[in-house]
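Scroll down for the structure; my scribbles are underneath it.
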Amino acid sequence: MIKKISFILVLAASLSFAYSSASTKERAVGGWLQIGNPGEHFGLDFKQRLSSTTALNLYTSFYFRKGDNSFGLYGAHYWHNYSWVKIPSTAGRLGFYAGPAGGIGWWDNDWWTSELLHGEQWGLALRIGLVGGITWEMPIPADIYMEINPLAELHFISGADYAPKKKKYRDTNWEFPDFYFRMGARFWF
């Protein structure tokens, strides 16, 4: 009898956890897609609520295939406003958010312009900027979001041209402004 009662209590707690809204959870994991940067297409996302209106978002990008590789680690601090657009509480809630963001990225790619011209380029990018977006926290523990990220990047680039003659080079440059559009989904726990 005790086993049955324990099972029912654990099941009830699990169901209430699973069906509570995203706004009652503190942590979320998910994935995202991005346009605006040819080296960053998708990645993983972790979000931690710091208060009812602030959150820390950590995300990574990765892309590995022959001749085109990249990896990045980024973070942002968001301030949310859930009072601008009201929707019925049964539909969840809409929030606008903004805040500073930064991170570091690495890339390595080969390029070919013909069978005779071949080279390789690799580098690091330091990124700083702002993030602004909208999120829909659903009545289930999930949310979807869209954001734009205007930023500046400092690039440290090295490379080599292999044909017709081998030549190495180094360069440092700023890219400003740069705009990335990111969208994704998270599951809260």
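The residue that is surrounded by the fewest Cβ atoms within 10 Å (Cβ to Cβ), counting only those in the range 95-143 that are modelled with pLDDT under 95 and of a type in the set (Ser, Thr, Tyr), is 114. Checking each residue in the range 31-56 for being under 25 Å from residue 177 (Cα atoms) and free of Cβ contacts under 8 Å to residues at least 24 places away in the same chain picks out 38, 41, 42, 44, 56. Scan the range 74-89 for residues that are surrounded by 14 or more Cβ atoms within 10 Å (Cβ to Cβ) and among the aliphatic types (A, V, I, L, M) and the total you get is 1. Output the residues belonging to the range 9-58 that are at pLDDT 50 or above and β-branched (Val, Ile, Thr). Matches in the range 9-58: 24, 29, 35, 53, 54. Condition first: of a type in the set (Asp, Glu) and out of contact with any Ser or Thr (no Cβ under 8 Å at 6 or more places or on another chain). Can you find one or more residues in the range 90-108 that meet it? Within the range 90-108 (the criterion being of a type in the set (Asp, Glu) and out of contact with any Ser or Thr (no Cβ under 8 Å at 6 or more places or on another chain)), the answer is no, since none of the residues qualifies. Taken over the range 68-80, the criterion of being more than 15 Å from the chain's Cα centre (by Cα) and either acidic (Asp, Glu) or over 20 Å from residue 53 (Cα atoms) (or both) is satisfied by 68, 69.
Taken over the range 81-98, the residue count meeting the criterion of being within 17 Å of the chain's Cα centre (by Cα) and touching a residue at least 40 places away in the same chain (Cβ under 8 Å) is 1.
I'd like to know if the range 155-168 contains one or more residues that are of a type in the set (Lys, Arg), part of a strand (DSSP E or B) and more than 16 Å from residue 38 (Cα to Cα). The answer is yes, given that some residue of the range 155-168 is of a type in the set (Lys, Arg), part of a strand (DSSP E or B) and more than 16 Å from residue 38 (Cα to Cα). When only residues in the range 144-189 that are among the hydroxyl-bearing types (Ser, Thr, Tyr) and over 30 Å from residue 82 (Cα atoms) count, which is modelled with the lowest pLDDT? Among those that are among the hydroxyl-bearing types (Ser, Thr, Tyr) and over 30 Å from residue 82 (Cα atoms), it is 162.
The criterion of at least 3 residues that are of a type in the set (D, E, K, R) is met by the following strands (runs of 3 or more DSSP E) wholly inside the range 28-102: 42-49. Out of the residues in the range 49-67 meeting the condition of being surrounded by fewer than 20 Cβ atoms within 10 Å (Cβ to Cβ) and within 13 Å of the chain's Cα centre (by Cα), tell me which one is nearest to residue 27 (Cα to Cα). It comes out as 56.
The values are calculated or read from the model by the stated rules, or taken from the named source; none is laboratory data. Keep in mind it's a predicted model, so treat the numbers as computed, not measured. Here the Cβ is made from the backbone with ideal geometry for all residues, glycine too, and neighbour counts use every protein chain on show.
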